[in-house]
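Since the structure comes first, as structure tokens, the remarks are kept for the end.
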Amino acid sequence: MTTPRLMPLNIYFSSINNAVSRSNSMVLAKFLSIPWGKELGDILNFDIPGTYSSDDILGLTVQRSIILRNWSDSVLLHLKVLLALCRDRDPVAAFRLQVDLAQNIFREFSAGNCTGVHLPVLFIVCKDLRFLAIHAQNTMFVRNQQLQLISNDPEQENSHLELATRLLNRAFTICINDRAPLAISRKWGAYYVMGLLFKLYLRLDCVHLTNNVLRAMKVVELPDISLFPKSHIVIFRYYLGIVAFLNQSYKNASAELETAFSLCHKQYNRNLELILSYWIPTRILVYHQLPSPTFLSKYPYLKNIYVPLCHAIKKGNLGAFGQCLKKNESLLAKTKTYLTLEGTRNLCLRNLFRKTWIILEKSTRLPTSVFQTALKVAGSDFDLLHVEAILANMISKGYMRGYLSRDRMTVVLSAKDPFPKRTPL
């Protein structure tokens with residue numbers, strides 16, 4: 001197996017000069033990006049001879065090689081980021097240098113040297129900034145553990161992520177406050193940068209800060225959302241859905257996530273799984289709609305969770321339902337969907353009580369003790385008062401239709417459809 005030939009620095013500089021002179025921002029963004037997914041030893045995709053190991057000599061080389069002065073600083077900072085990762089293997093130092101690179105790019109945009117044509121450069125610099133912030137934060141955590149240092153200051157623990165958030169907020173402001181003609185407007189980057197910003201907000205567990213961004217987007221006159229790239233629309237709808245989900249506005253969450261799912265490319269299974277990981281719980285909780293095994297077969301990660309869970313809900317098997325939640329507790333906790341799915345226990349109870357009603361020949365008047373027995377068989381032994389509370393809750397939430405007659409210790413069910421039906425997703 002032959003080793004791929006590395007790009008010499010003179011060809012790298014020549015490629016950047018060509019991209020700048022032709023305003024080819026896609027190529028320029030490629031040369032200012034970090035090639036993630038490779039080993040750190042292979043991350044530098046061009047030769048740096050020993051004479052360039054000195055940062056001063058490297059800076060002089062860049063200044064002599066890059067035609068336009070305003071891009072030479074950015075190129076030099078990018079090379080230093082790569083050296084920090086490859087030569088020094090120091091993600092924390094690489095993050096600091098990426099911060100300097102981002103600030104330099106922001107200055108170019110604010111000064112008017114960069115327009116909407118250069119948005120791909122802004123995108124890649126901000127994207128790498130977020131990755132490096134996470135990488136640096138994890139590295140500092142490991143270092144502190146090795147040194148047995150324990151910090152009680154949450155701001156210090158998340159300092160890298162918070163700095164990245166502030167910078168992405170600045171990038172977002174740069175995009176939405178542009179007054180240039182739409183053809184070269186920076187407003188076309190608003191939804192993409194917003195997606196990066198929301199990712200960090202959610203990672204920091206600061207969902208409330210998303211409201212500031214959403215308010216700013218309502219005030220500014222952005223082009224119609226249908227004119228933006230479909231990938232940007234999916235990002236926007238997806239995060240709107242998550243924010244609504246975490247704020248327990250499940251109907252709004254379902255609508256936004258449904259839009260994101262319908263627009264997402266059907267070959268991007270991982271993205272579809274991310275959308276469905278929030279959309280499916282909302283549909284189960286709000287609309288009592290269960291995904292079919294055929295539908296879930298396309299998504300192995302979700303299949304392992306929801307096939308047994310939906311089977312338990314259909315059968316009214318409270319024991320299997322609880323076991324399924326307990327088995328996948330850590331996975332569901334990461335997406336903050338555990339408590340939402342715990343709320344679907346009422347649907348499992350509804351099916352258990354419906355089966356009880358069918359066994360007793362669909363009588364409209366059933367003793368409360370019958371439901372107590374059903375719960376006991378399902379593995380939950382409650383006294384009659386607790387059972388009455390469960391039944392009252394089920395009726396109030398629309399899982400059952402009828403009323404309780406406490407004097408006669410009887411449940412009076414509706415003669416027409418006492419247990420509202422569900423429809424498949």
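Among the lysines, select those whose C-alpha is under 24 Å from the C-alpha of Lys376, and discard any that sit fewer than 8 residues away in the same chain.
Those lysines meeting the cut-off are Lys314, Lys315, Lys326, Lys327, Lys355, Lys362, Lys397.
Could you work out [θ]222 nm for the chain from helices alone, using -39500 (n - 2.57) per DSSP H run of at least four and dividing by all its residues? Round to the nearest 500 deg cm²/dmol. Mind dumping the intermediate values first?
On the way: 21 runs with 272 residues, N = 425.
Mean residue ellipticity, 222 nm, calculated: -20500 deg cm²/dmol.
Cut-off 20 Å, label point 7 angstrom out along Cα-to-Cβ of Gln267: give me the residues of region 220-234 whose amide nitrogen falls inside.
Taking a point 7 Å out along Cα→Cβ of Gln267, the residues of region 220-234 whose backbone N falls under 20 Å are 229-234.
Could you point to the residue in Ser14, Gly322, Pro291 farthest towards the positive end of the chain's charge dipole, with +1 and -1 charges on the Cβ of Lys/Arg and Asp/Glu respectively?
With unit charges placed on the Cβ atoms, the residue in question is Pro291.
What is the angle, in °, between the Cα long axis of helix 300-315 and the longest principal axis of the Cα atoms in the chain? Nearest 10 is fine, range 0 to 90.
10
What is the pair-distance distribution P(r) of region 336-405, computed from all Cα-Cα distances in 10 Å bins starting at 0, with each bin given as a whole percent?
Over region 336-405, the share of Cα pairs per 10 Å bin runs 19, 55, 22, 4, 0 percent.
Using r as the Cβ-Cβ distance of Lys314 and Asp224, and R0 as 51 Å, what FRET efficiency do you calculate, to the nearest 0.05? Don't skip to the answer; put the middle values down first.
Working: r = 43 Å, r/R0 = 0.84.
The formula returns an efficiency of 0.75 here.
Considering the convex hull of the alpha carbon atoms of the chain, report its projected area averaged over all viewing directions, in nm², one decimal. Spell out each step's value before the answer.
On the way: hull surface 111.2 nm².
Averaged projected hull area, Cα only: 27.8 nm².
Round to the nearest 10 and give me the degree value, 0 to 90, for the angle of helix 230-246's Cα axis relative to the longest principal axis of the chain.
The answer is roughly 50 degrees.
I need the calculated FRET efficiency for the pair Arg107 and Val142, taking r as the beta carbon distance and R₀ as 22 Å, to the nearest 0.05. Don't skip to the answer; put the middle values down first.
Numbers: r = 33 Å, r/R0 = 1.52.
Result of the calculation: an efficiency of 0.05.
So what is the relative contact order for the chain, in percent, with contacts set as C-alpha pairs under 8 Å and at least six apart? Walk me through the intermediate numbers first.
On the way: 486 pairs, mean separation 36.0, N = 425.
Relative CO of the chain lands at 8 percent.
How about region 298-371: which GluC sites (Glu not before Pro) there are in a DSSP loop, with at most 10 other Cβ atoms within 10 Å of their Cβ?
Values: sites: Glu329, Glu342, Glu361; in loops: Glu361.
Passing sites in region 298-371 are Glu361.
Can you pull out the GluC sites (Glu not before Pro) in region 146-240 that DSSP calls coil and that have at most 12 other Cβ atoms within 10 Å?
Values: sites: Glu155, Glu157, Glu162, Glu221; in loops: Glu221.
Here the sparse-neighbourhood loop sites are Glu221.
Obtain the nm distance between the two label points defined at Asn247 and Arg89 by a simple spin-label model: each point lies 7 Å from its Cα along the Cα-to-C-beta direction.
About 4.6 nm, to one decimal.
Using r as the Cβ-Cβ distance of Leu209 and Arg406, and R0 as 51 Å, what FRET efficiency do you calculate, to the nearest 0.05?
About 0.60, to the nearest 0.05.
How tilted is helix 384-396 with respect to the longest principal axis of the chain? Cα atoms for both, answer in degrees (0 to 90, nearest 10).
For helix 384-396, the angle is close to 60 degrees.
Compare the Cα positions of Ala190, Ala136, Tyr239 along the charge dipole of the chain (+1 at Cβ of Lys, Arg; -1 at Cβ of Asp, Glu; about the Cα centre) and return the one farthest towards the positive end.
With unit charges placed on the Cβ atoms, the residue in question is Tyr239.
May I ask for the equivalent-ellipsoid semi-axes of region 280-425, computed as the square root of five times each C-alpha gyration tensor eigenvalue and listed largest first in whole Å?
Numbers: eigenvalues 166, 51, 32 Å².
Values for region 280-425, descending: 29, 16, 13 Å.
Based on Cβ point charges of +1 for Lys and Arg and -1 for Asp and Glu, what charge dipole magnitude is obtained for region 74-206 about its Cα centre, in debye rounded to the nearest 20? Can you show the working numbers first?
Working: 15 positive and 11 negative charges, 77 e Å.
Here region 74-206 has a charge dipole of around 380 debye.
So how much slack lies between Thr364 and Asp381, counting 0.36 nm per residue of separation and subtracting their Cα-Cα distance, in nm? Don't skip to the answer; put the middle values down first.
Numbers: separation 17, 0.36 × 17 = 6.12 nm, distance 2.41 nm.
Extra length available between Thr364 and Asp381 comes to 3.7 nm.
To the nearest 20 debye, what charge dipole does the chain have about its Cα centre, counting +1 at the Cβ of each Lys and Arg and -1 at the Cβ of each Asp and Glu?
Working: 51 positive and 30 negative charges, 360 e Å.
With Lys and Arg at +1 and Asp and Glu at -1, about 1720 debye.
Readers should treat all values here as calculations from the given coordinates under stated rules, not as data from a laboratory. Given the structure is predicted, the values throughout are model-derived calculations rather than measurements. Quick reminder, even Gly has a Cβ in these numbers, built from the backbone with ideal geometry, and neighbours come from all protein chains shown.
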